[in-house]
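The values are calculated or read from the model by the stated rules, or taken from the named source; none is laboratory data. What you see is a predicted model, and the numbers here were worked out from it, not measured in a lab. All Cβ positions, glycine included, derive from the backbone under ideal geometry; neighbour counts span all protein chains shown.
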Amino acid sequence: MSTFNQYRREYTLATLDESQLTDEPFTLFKIWLDDAIKAEIPDPNAMTVATVDPSGRPSQPRPQVHRHHVILP
């Protein structure tokens, strides 16, 4: 019987605190992407984007960023 536990990775290099949030989401995205690249984690362009619909039902697609162009002030 095969187990998937051997493939599991923990992503615990950092935590998110509300005080770290910025008013500009692209600024925060760039910080996170740069941190992931510096940490040499596998797939630094992979993420989970969690939202809820009006009834509170969650949705969590897992996109990969293939190209980004962010102009910051």
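Among the residues making up the range 7-25, those that are closer than 14 Å to residue 47 by Cβ and either assigned to a helix (DSSP H, G or I) or not aliphatic (A, V, I, L, M) (or both) are 11, 25.
Residue 2 meets the conditions (1) small (Gly, Ala, Ser); (2) in contact with a strand residue (DSSP E or B) (Cβ under 9 Å, 6 or more places away or on another chain); (3) at pLDDT below 85 in every case but one. The failed one is (2).
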